[in-house]
């Protein structure tokens, strides 16, 4: 199971599968927006990863929930517009090279599907 490529709102003109990231105008973190498909369960977590190996990535970011509990309907409700962050200091390690960015899901059954890769070209 794979998911759509992440979107980078700070670099809106990037192509569908690659982006050039200039570190100089980046204040602190690179924001990674998870697309809003309907097939993400609201009881999962999602986090960014860097590297080619999805099972053992070079770097894993902090996880964010894909849903929240709603007392009114007594159930989990899916979040939209989920944003993940990659610290600028982490991207500096890939200066003048390319790295694959994905977002990856985690659930209680240890199922961990991930997105298709977005190739980042890191420049000063």
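When the P(r) is computed for the chain, the part past 23 Å accounts for 30% of the Cα-Cα pairs.
Roughly what % antiparallel, to the nearest 5, for the DSSP beta bridges in the chain?
Numbers: 25 of 32 bridges.
Of all bridge pairs located within the chain, approximately 80 percent are antiparallel.
Three principal axis extents describe the C-alpha atoms of the range 49-97; from largest down they are 50, 23, 13 Å.
Each helix, a run of at least 4 DSSP H residues, gives -39500 (n - 2.57); summed and divided by the residues of the chain, these come to -500 deg cm²/dmol at 222 nm.
Highest mean packing comes first when the peptides 79-88, 8-17 are listed by Cβ atoms within 10 Å, giving 79-88, 8-17.
Values in this text are rule-based calculations from the coordinates and carry no lab data. Only a predicted model underlies this, so the values are computations on that prediction, with no experimental measurement involved. Methodologically, a virtual Cβ is constructed for each residue, glycine included, from the backbone with ideal geometry; neighbour enumeration extends over all protein chains shown.
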